Amino acid sequence: MKVLFSAVAILLLSNLAFSQVQSKGTVTINVTGNRNKQIRVDNQTYTINNTSLNQKQQVVITTLENAQHPLEIVRLNNNNRTATTKTSFTLREGYDLTIAINQNGSVSSTENRIVKNGTATKKPVTTAVYNKVYAATKAKTTSASRTSYLETEFATNKMYTSSQASKLIQLVNTESLRLKLAKQVYTHITDKQNFSIVVSLLNSTSHRTELNNYTALLDDESEDGDDDEVVGIVPITNERFKTIYNEVGAENIINDRNYYLINFFGKDYNYYTSAQVSQLIQLTTLETERFNLAKSAYRGVIDRENYSQVYQLLRNSSNRADLLAYINSYNNTNVRTAMTAAEFNKIYQAASYQNSTNGRYNSINTALTTAGNYFTALQAKQLIQLVNSESYRLTLSKSAYKVLVDRANYTLLNDLLNSTASKNDFNNYVSTFDNIYDTGAGIVMSDVEYNKLLKSVSDSWSPTTRFRIVSEAFQSGTNFFTVYQVRQLLLLVNGENDKFNMAKSSYDNIVDRNNFSQLYDLFPTAANRDALAKFAAEMDNGGAVIVKTPMSDNDYNSLVRNLQFTFGIGAKMSALTKIFNEEANYFTVEQAKRLIEMVSAESNRLELAKLSYNNITDPLNFTQVYEVLDSQSSKDELADYISKNSYTTN
């Protein structure tokens with residue numbers, strides 16, 4: 001009898017375990033509006049009986065397997081004819097899915113983790129609870145008492161976000177106590193992928209390493225992986241992409257294509273490359289739709305440095321500017337996650353096992369340039385210091401800066417460089433990258449690749465060959481240049497007409513177009529200079545943009561001579577004020593600097609420097625004007641003025 005009972009019990013337990021593993025999620029479909037008449041899921045039809053615009057009908061399905069399922073929406077169009085929109089959704093193990101079909105037929109979805117074993121999903125404390133803990137901690141007067149209080153709080157079942165934990169631990173000044181609290185709170189963090197925020201509170205390299213090793217060990221030993229699951233950042237396979245591409249292309253109505261793509265890009269577990277996004281968005285034709293899809297898709301792109309492929313699909317300059325603003329805002333508020341300590345250790349060991357400097361360099365460079373890999377400055381430093389060559393360290397530091405999650409700490413990489421020249425080179429790179437390279441308009445061609453291109457042009461004896469090489473470089477959709485780089489290439493092209501055509505061809509590939517006027521002096525013919533300025537204006541905004549062309553040398557020299565013969569107390573200051581207030585007068589930084597130096601009083605120079613800013617054709621070089629000021633307070637005041645009044649031209 002006991003044997004029979006045991007057998008039955010084992011069978012029941014086995015069935016229970018099997019049912020838990022194979023548990024299915026619930027799909028809830030909320031349909032709003034009276035135009036949606038039917039929905040079909042896996043060929044099962046559900047009739048929608050809504051009679052008003054705001055009426056909602058709910059369809060609940062509990063029998064679907066964890067897999068991808070087709071969804072068809074049959075609705076009335078503007079002519080009261082039925083049209084079918086096809087899309088799909090994926091039901092993942094451990095999740096319920098809610099799908100909303102709106103009045104206009106658009107589709108959106110959200111996931112909710114299924115509650116297991118009667119325990120609730122881990123959620124961070126509310127803002128109100130967090131504020132109470134923060135205030136109570138801050139009320140303590142010593143680091144020791146604050147630590148003691150937080151230890152008690154972290155021992156409860158309260159959960160915190162990495163940001164909340166970071167702000168609490170930051171109230172403790174002692175490094176060793178911060179490390180202690182960081183270890184304790186780790187198991188109470190709801191977004192462990194962002195725990196680098198807490199790690200960055202530690203100044204000591206040894207303490208950071210200790211904390212990273214500690215958290216990696218906990219992650220490896222954790223048996224509660226489901227609750228802390230993070231979907232891997234892996235792009236969809238080529239096969240999956242082809243399926244999606246064909247499904248979108250099969251939709252005959254543009255609106256249906258748009259709905260499909262909005263739904264696809266909106267799912268937080270879909271990741272893809274910039275090239276894949278570009279191909280999908282090109283299946284739509286309207287500028288507005290492309291713009292909205294480009295913003296929606298940015299969330300899941302794993303190689304954002306290549307997003308210029310999508311950026312170029314927008315022909316309207318204001319849309320391009322809005323997309324760049326959106327990308328910059330998104331990057332500032334959605335910080336990328338550095339790889340885990342376990343992942344980093346694998347990369348570190350693979351590089352350290354290399355026997356040669358070249359082998360280590362190649363291993364590290366591959367890691368730094370692999371799409372989806374992101375590092376803290378400390379992680380990057382640990383890798384780069386495995387190579388001893390100064391030139392290799394400089395190159396790797398530049399590559400690393402693009403993929404740092406905490407760029408504010410980039411000076412850790414600066415410490416790896418011994419020579420002043422290398423440090424200056426790296427700092428200039430960082431400054432330039434922040435100003436123009438990281439705008440989403442494209443990553444400027446590396447120095448190595450650019451020098452190869454420049455050499456191939458200069459080594460060609462035939463003018464026809466030179467023209468062909470430069471032309472092909474500018475026609476490529478993946479090559480991006482600064483105006484300075486374009487200028488050096490154009491200087492190698494013979495013939496003013498060829499040079500003029502090349503300058504126009506280069507425009508789409510230039511990342512700092514506000515400096516485009518620096519190419520105008522390459523053309524002796526005034527007609528070509530004017531035509532190129534007009535072309536730039538038309539490219540930007542239908543000719544509505546004022547192209548800031550610096551004053552010609554003849555006009556500028558005449559202006560300087562007149563000022564030199566201007567005498568009397570305050571006469572030069574008055575004349576220069578009038579000159580800089582004239583909207584039609586434009587100057588290079590070098591020209592403005594020489595004019596400002598014609599007055600001696602520091603206060604007058606500061607005032608003229610401010611006045612000159614809106615008349616400058618190359619604002620990225622404006623820091624040179626700071627040299628006319630002697631006191632640091634004046635320089636700071638000018639910097640503050642520029643930060644509040646800075647402008648960019650399209």
Checklist outcome for this item: Taking r as the C-beta separation of residue 214 and residue 508 and R0 as 51 Å, the FRET efficiency to the nearest 0.05 is 0.55
Checklist outcome for this item: Sorted by chain and number, the residues with a modelled amide H under 5 Å from that of residue 510, at a separation of 5 or more or across chains, are 481
Checklist entry - Over what distance in Å are the Cα centres of the stretch 459-514 and the stretch 612-643 separated? => result 32 Å
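Tell me the relative contact order for the stretch 22-113 as a rounded percent, counting alpha carbon contacts under 8 Å between residues six or more apart.
On the way: 220 pairs, mean separation 31.6, N = 92.
Once normalised by length, the contact order is 34 percent.
In which sequence would 642, 197 go, from the one with the fewest C-beta neighbours within 10 Å to the one with the most? Each step should come with its number before you reach the end.
On the way: 642 18, 197 21.
Lowest count first: 642, 197.
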Checklist entry - Once label points are set 7 Å from the Cα along Cα→Cβ at both residue 34 and residue 183, what is their separation, rounded to one decimal in nm? => result 6.7 nm
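With the cut-off at 26 Å, tell me which of the pairs 180/398; 398/499; 242/267; 123/167; 295/346; 138/183 have Cα atoms farther apart than that. Don't jump to the answer; show the numbers that get you there.
Numbers: 180/398 34 Å; 398/499 32 Å; 242/267 18 Å; 123/167 18 Å; 295/346 34 Å; 138/183 20 Å.
With Cα atoms farther than 26 Å apart: 180/398; 398/499; 295/346.
How high is the FRET efficiency from residue 355 to residue 451, r the C-beta distance, R0 30 Å, rounded to 0.05? Could the numbers behind the result be given before it?
Numbers: r = 29 Å, r/R0 = 0.98.
Computed FRET efficiency for residue 355 and residue 451: 0.55.
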Item to check | Inter-probe distance in nm under a simple model that places probes 7 Å from Cα toward Cβ, at residue 554 and residue 148 | outcome: 8.5 nm
Checklist entry - Dipole of the stretch 127-221, Cα-centred, from +1 at each Lys and Arg C-beta and -1 at each Asp and Glu C-beta, to the nearest 20 debye? => result 480 debye
Checklist outcome for this item: Out of 147, 197, 181 - ranked by how far each Cα lies towards the positive end of the dipole of the stretch 127-221, with unit charges on the beta-carbon of charged residues - the top one is 147
Checklist entry - Which order do 572, 402 fall in if you start with the one that has the fewest other Cβ atoms within 10 Å? => result 402, 572
Checklist outcome for this item: For the stretch 341-439 the mean separation of alpha carbon contacts under 8 Å (6+ apart) over residue count, i.e. relative contact order in percent, is 25 percent
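For the stretch 145-223, go through all pairs of different Cα atoms, get the mean of 1/r, take its inverse, and jot down that Kirkwood value in Å. Intermediate values should be presented prior to the final figure.
Numbers: mean 1/r = 0.0803 Å⁻¹.
It is 12.5 Å.
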Checklist outcome for this item: The set of residues whose placed amide H lies less than 5 Å from the amide H of residue 618, leaving out same-chain residues fewer than 5 positions away, is 589
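Quote the charge dipole size of the stretch 447-541 about the Cα centre in Debye, to the nearest 20; the model charges only the Cβ of Lys and Arg (+1) and of Asp and Glu (-1). Don't skip to the answer; put the middle values down first.
Details: 10 positive and 12 negative charges, 36 e Å.
Taking the Cα centre of the stretch 447-541 as origin, the dipole is about 180 debye.
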Checklist outcome for this item: For residue 102 and residue 425, extending 7 Å from Cα along the Cα-Cβ vector and measuring point to point gives, in nm, a value of 5.2 nm
Item to check | Net length gained if the chain between residue 488 and residue 590 were fully extended (0.36 nm per residue, minus Cα distance) | outcome: 34.8 nm
Checklist entry - Whose amide H sits under 5 Å from the amide H of residue 523, counting only residues 5 or more places off or on another chain, with H placed in the peptide plane? => result none
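Determine the dipole magnitude for the stretch 22-113: charges of +1 sit on the beta-carbon of Lys and Arg, -1 on that of Asp and Glu, nothing else is charged, the reference point is the Cα centre, and the result goes in debye to the nearest 20. Could the numbers behind the result be given before it?
Details: 10 positive and 6 negative charges, 76 e Å.
Charge dipole of the stretch 22-113: 360 debye, to the nearest 20.
Mind sorting 413, 76 by how few other Cβ atoms lie within 10 Å of their own Cβ, fewest first? Walk me through the numbers before you get to the answer.
Working: 413 25, 76 15.
Ranking 413, 76 by Cβ neighbours within 10 Å, fewest first, gives 76, 413.
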Item to check | Per principal axis, descending, Cα span of the stretch 25-77 in whole Å | outcome: 33, 18, 13
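Which whole-number percent is the relative contact order of the stretch 447-541 (Cα, under 8 Å, 6+ apart)?
Values: 73 pairs, mean separation 24.4, N = 95.
That works out to 26 percent.
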Next on the checklist: Give me the one-decimal Kirkwood hydrodynamic radius in Å for the stretch 22-113, with the sum taken over alpha-carbon pairs.
Outcome noted: 13.4 Å
Next on the checklist: Per 0.36 nm of contour for each residue apart, how much would the distance between residue 343 and residue 475 grow if the chain were fully extended, relative to their Cα-Cα spacing?
Outcome noted: 43.6 nm
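None of the figures in this text is laboratory data; all of them are computed from the coordinates on show. On a predicted model such as this, the values are computed, not experimentally measured, just so you know. Positions of Cβ are backbone-derived with ideal geometry, glycine not excepted, and every protein chain shown enters the neighbour counts.
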